[in-house]
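Data first, discussion second: the structure below is written as structure tokens.
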Amino acid sequence: MNRFALLFLLGGLLFFPVKGEDAQAVGDLFKQAVAARDAGKFDDSVQAYEQIIETHPEAYERWYDAQNGITQTLIKKKDFAGAAQSAHLCLDAAPLRSYDSVVELIASLLSAQDKNVDRANRLIAFAQSGGGKDQVNPLDSIGYPALSPRETAFAALRQQAGDDSAASRFRALTFLFTGHPKDALAQYADALRRSDNNPNVVPQLISDMIGIALRDVRANRVGLDEAVQFVAWGPNGPDGKPGTADDLLDPFAQWLSPAPTPGDGGLAGFDAAGLATLRQVRDAAQLYGGDPFVSADIRHSALHALQRVTQALDAWGASDSKDWYLSRAFPASPPLPDRQTLQILLQGAELSARAGALHFGGVHDLWREIDLKLATDGLQGNKSIEEVRAQFDKLCAQISQTKFPKADLKPLQVPATF
């Protein structure tokens, strides 16, 4: 592979662009669904809403509205069991501000079915407090609707989605809207492993991973703020020392399988040939990116390509990656690399130090290591290094400040009527 081939790497996420005609088609389907419901043609209404979800991936931000439309149609049809199952999907995908209202809707549907409030109030109590250790999640008895056509459509979309963090988040949505919250959490974890440390993007990813996916597998919001602190600091807490008072428990361990082997592509679904090609690209990018004698433009392109292909391979956990980046950022013989090269190398070192973990403890350890080296070598005050450190500090501050609303639910006194 010649060096110019590095410029033609990886398509990344296969975006599903929203074109004018797509938006018009989706709008028309919503109108058809509402009109059919108002006319008492409930099956036609559900079919129109379902078409939005199954055939319009570019409108994924409207899937929640469509699923809620299905729920409301089934309520009007007096199919309370079906409406509760549909609302269960809404609950899984609910934004933070809507979660309590969907819990209350499901509770009301249960009370209308049962003609008493017993099961409804068990659901409310579980959502409010998380229940005891052995308490059964009342949502388990509700289940999800049968969604065979949607499952088939989404399986195809997952194959097309791509191999970056945004692709994993899209796959997570497809699992949320088919009743597979554990798979959705796994995809959010995959997205975080692939992500960079951009403070404009990563905090929202973490908020969704915890506030939606972790919330869903727990079926409540208890302890989510503590999960945020684990992500921000890692198991050793802010002091970075194990066995001290600020140590933090891993909130994901109960719900996730061990992470895939670094370099095998994570959950993107590469075949053997695709992995082999990506590994060839990685090796070539590392060769040029690590060579201080190539031109700056070529080296920068190679280092960016190396980060991108490492992201695609889900390979940040490779054992020698951090040392490779540090040895190029701080060569044995001066001078340091130019500003842009140094910053790209330090960003790669951060990702390597995180090593695919669902927390930033390893990156805090890296900066302690770098601080010691800077003090030893008399390099404090280097602006190129300080800028990278400042971006990481900003990221951690934003993550640490994430707070989730506490549940504010009241038990029902009488069965609901619709």
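The values are calculated or read from the model by the stated rules, or taken from the named source; none is laboratory data. These figures come from a predicted structure and were not determined experimentally. Neighbour counts are summed over all protein chains in view; Cβ atoms, including those assigned to glycine, are modelled from backbone coordinates with ideal geometry.
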Seminar exercise, completed: Within segment 38-82, restricting to residues that are closer than 21 Å to L109 by Cα and of a type in the set (A, V, I, L, M), the one that is surrounded by the fewest Cβ atoms within 10 Å (Cβ to Cβ) is A81
Exercise. Is there a residue being in a loop (DSSP other than H, G, I, E, B), at pLDDT 95 or above and in contact with a Cys (Cβ under 7 Å, 6 or more places away or on another chain) anywhere in segment 353-367?
Worked result: yes
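For K394, are the conditions met, namely being surrounded by fewer than 19 Cβ atoms within 10 Å (Cβ to Cβ), part of a loop (DSSP other than H, G, I, E, B), outside the structural domain of A120 (by TED's automatic domain parsing) and not polar (S, T, N, Q)?
Working: surrounded by fewer than 19 Cβ atoms within 10 Å (Cβ to Cβ): yes; part of a loop (DSSP other than H, G, I, E, B): no; outside the structural domain of A120 (by TED's automatic domain parsing): yes; not polar (S, T, N, Q): yes.
For K394, the condition - surrounded by fewer than 19 Cβ atoms within 10 Å (Cβ to Cβ), part of a loop (DSSP other than H, G, I, E, B), outside the structural domain of A120 (by TED's automatic domain parsing) and not polar (S, T, N, Q) - is not met.
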Problem set entry | Residue, surrounded by the fewest Cβ atoms within 10 Å (Cβ to Cβ), within segment 17-36, restricted to residues that are under 23 Å from S148 (Cβ atoms) and of a type outside the set (G, A, S) | Q32
Exercise. Restricted to segment 397-414, and to residues that are in a loop (DSSP other than H, G, I, E, B) and of a type in the set (V, I, T), which residue is surrounded by the most Cβ atoms within 10 Å (Cβ to Cβ)?
Worked result: T402
Problem set entry | Conditions (1) outside any helix (DSSP H, G or I); (2) in contact (Cβ under 8 Å) with a residue 60 or more places away in the chain; (3) within 27 Å of L358 (Cβ to Cβ): number failed by N116 | (3)
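Restrict the check to segment 123-137 and report whether at least one residue is closer than 26 Å to Q47 by Cα, part of a helix (DSSP H, G or I) and of a type in the set (S, T, Y). Step through it out loud before you land on a result.
First pass over segment 123-137, keeping only residues closer than 26 Å to Q47 by Cα: none.
For segment 123-137, residues closer than 26 Å to Q47 by Cα, part of a helix (DSSP H, G or I) and of a type in the set (S, T, Y): absent.
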Exercise. Which one is nearest to G130 (Cα to Cα) among residues in segment 185-223 that are modelled with pLDDT of 95 or more and touching a Gly at 6+ places or on another chain (Cβ under 8 Å)?
Worked result: D190
Seminar exercise, completed: Conditions (1) assigned to a loop (DSSP other than H, G, I, E, B); (2) surrounded by fewer than 20 Cβ atoms within 10 Å (Cβ to Cβ); (3) not hydrophobic (A, V, I, L, M, F, W, C) -> T152 fails only (1)
Seminar exercise, completed: Those residues of segment 210-250 which are free of Cβ contacts under 8 Å to residues at least 60 places away in the same chain and closer than 19 Å to C90 by Cβ amount to A213, L214, V217
For this session: Those residues that are within 16 Å of R328 (Cα to Cα), touching a Phe, Trp or Tyr at 6+ places or on another chain (Cβ under 8 Å) and not in a loop (DSSP other than H, G, I, E, B), I need them from segment 254-298; list them, please.
Result: Q286, I298
